[in-house]
1. Give the residue, chosen from N331, N292, that is open to solvent by 40 Å² or more (accessible area, probe 1.4 Å) and either in contact with a His (Cβ under 9 Å, 6 or more places away or on another chain) or outside the structural domain of F406 (by the TED database) (or both).
2. May I ask you to say which residue of T421, T409 is hydroxyl-bearing (S, T, Y) and free of Cβ contacts under 8 Å to residues at least 60 places away in the same chain?
3. Only one of (1) modelled with pLDDT of 95 or more; (2) assigned to a loop (DSSP other than H, G, I, E, B) is not met by R401, so which one is it?
4. For R169, all conditions in the list (1) open to solvent by less than 50 Å² (accessible area, probe 1.4 Å); (2) at pLDDT below 90; (3) assigned to a helix (DSSP H, G or I) hold save one; what is the number of the exception?
5. Just to check your reading of the model, which residue among D297, D323 is open to solvent by 70 Å² or more (accessible area, probe 1.4 Å), of a type in the set (D, E) and not assigned by the TED database to the domain that holds P186?
6. Just wondering, is there one or more residues in segment 366-374 that are of a type in the set (K, R) and under 26 Å from the mean Cα position of the chain (by Cα)?
7. Exactly one of (1) in contact (Cβ under 8 Å) with a residue 40 or more places away in the chain; (2) touching a strand residue (DSSP E or B) at 6+ places or on another chain (Cβ under 6 Å) is unmet by I337. Its number?
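The values are calculated or read from the model by the stated rules, or taken from the named source; none is laboratory data. For clarity, every value in this text was computed on a predicted model and none was experimentally measured. Every residue, glycine among them, receives a Cβ derived from its backbone with ideal geometry; neighbour counts consider all protein chains shown. The accessibility values were calculated without ligands, DNA or RNA, using every heavy atom of the protein model including side chains. Shrake-Rupley method; radii C 1.70, N 1.55, O 1.52, S 1.80 Å.
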Amino acid sequence: MWERGRLPRKPRPSPILVPPPPASPPPPPRLLAFLLPRSLLSLAARAMPSRRPSPLLLLLLALALAFLFLLLSPSAPSASHLSSSLASAAAAVSTPASSPPAPVKIYMYDLPAKFTYGVVRSYMAARARAGAAGAASAIPDDELRYPGHQHSAEWWLFKDLRRRGPRDRPVARVDDPADADLFYVPFFSSLSLVVNPIRPSAAAANASDAAEPAYSDESTQEELLVWLERQPYWRRHQGRDHVFICQDPNALYRVVDRISNAVLLISDFGRLRSEQASLVKDVILPYAHRINSFQGDVGVESRPSLLFFMGNRYRKEGGKVRDTLFQVLENEADVIIKHGAQSRESRRMATRGMHSSKFCLHPAGDTPSACRLFDALVSLCVPVIVSDYIELPFEDVIDYRNISIFVETSKAVQPGFLTSTLRGISSQRILEYQREIKKVKHYFEYEDSNGPVNQIWHQVSSKAPLIKLLINRDKRLVERGTNGTDCSCICSTTKELLRK
């Protein structure tokens, strides 16, 4: 309050006080003058106005006090330590935070040719015209072509490791097995399977005892295991750090119990028992598509058909649903459903049908998956999956709900359910499905340099830490009985079976 009749006093400006750090008392004035250069103090004096403090002055004082606190603090770092810390921080800033991990080192066995190129030659000889079976043997290895086949992933992986590929891949091939984290066994197991049924050789055909076939897939599997079991790196960890591709559901069926420790590259678990394979240790692969990719853009106007399917109507096991779906759908308007076996003409018809349909049906076959799903995806035809036990590749990077429609088998076989559900999906929603398919389409095109081969190696490399864990775990475990208390939840081949 002020006295009556007098003007109020003008309040004096309060000085700006910068509180010192709580853990350190304010430095003596002489020490402050000693530590701060005269030029800095004179600059601060010139910058200070009579009434309002300069922001520059505040900044300088704050920096000075912070620097002084560092010097006087009992735990203050030495100059050399401080400089090294600053250097480390600078290096961390300049280094990308998400630098890729070092690639997993993989050694590819140099198998005898009968397990690789020899299988291709046997396939060609078995299907050659009469008198021309020997022509395949004259073709150099580098000129051999793997036959068009839905299980051709084994060829793509083999060729990729042979040319070693770009350096930024998840795996790097090494020439010394002592340097390897994993060992790849490049046996063409799926092609070997379909060489049978084979023809006897021309010489055997003319002989009186022409009962022995020229090629036997079962014998080839057995010979492969005999060869492998002589290798020290196979015996070292009972094959746990080895990788096999057996994409056909029946590939390597004769020896699968003896290689179940290894990483298996498979299409699904339809023919494998839980003690032979699992998602934990194995990798799901996409089939190679058999029809040409759709090269156009998204759209529904050029796709008049609602739903398309072409394939074998009669299958075993879970594929029995196909016959029921035929009965339910074959009389529906704007639905094309045809019985057809593998042939060039069938593939041409399937290409036209998938490229002109909004949805493509994928029912289970003999096993839960088939190449038809991947034919649909490269056609931008939205898959309608009726297969309750299907496993899908690369689900760590692909959400299949964004690119497919899943229908329970029990509902799909109800008359009218599928067609009414699909007709209720708007054109805008179909376009959204197609756009999402385009984003991930390269994952299903083996000819793409950033496609499934690279992603398969990424999946394989992700198994390396688990393999190392299991190898080290096996070293310290004592011999265990079969009392059911082993909870490792990993396929494990017994030592007795390995000795056979």
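1. One residue alone meets the criteria, N292.
2. T421
3. With (1) modelled with pLDDT of 95 or more; (2) assigned to a loop (DSSP other than H, G, I, E, B) applied to R401, the lone miss is (2).
4. Among (1) open to solvent by less than 50 Å² (accessible area, probe 1.4 Å); (2) at pLDDT below 90; (3) assigned to a helix (DSSP H, G or I), the lone unmet condition for R169 is (3).
5. It is D297.
6. We begin by selecting, within segment 366-374, every residue of a type in the set (K, R); these are 372.
Filter once more, so that each one left must be under 26 Å from the mean Cα position of the chain (by Cα): 372.
Yes, segment 366-374 has at least one match.
7. Of the numbered conditions (1) in contact (Cβ under 8 Å) with a residue 40 or more places away in the chain; (2) touching a strand residue (DSSP E or B) at 6+ places or on another chain (Cβ under 6 Å), the odd one out for I337 is (1).
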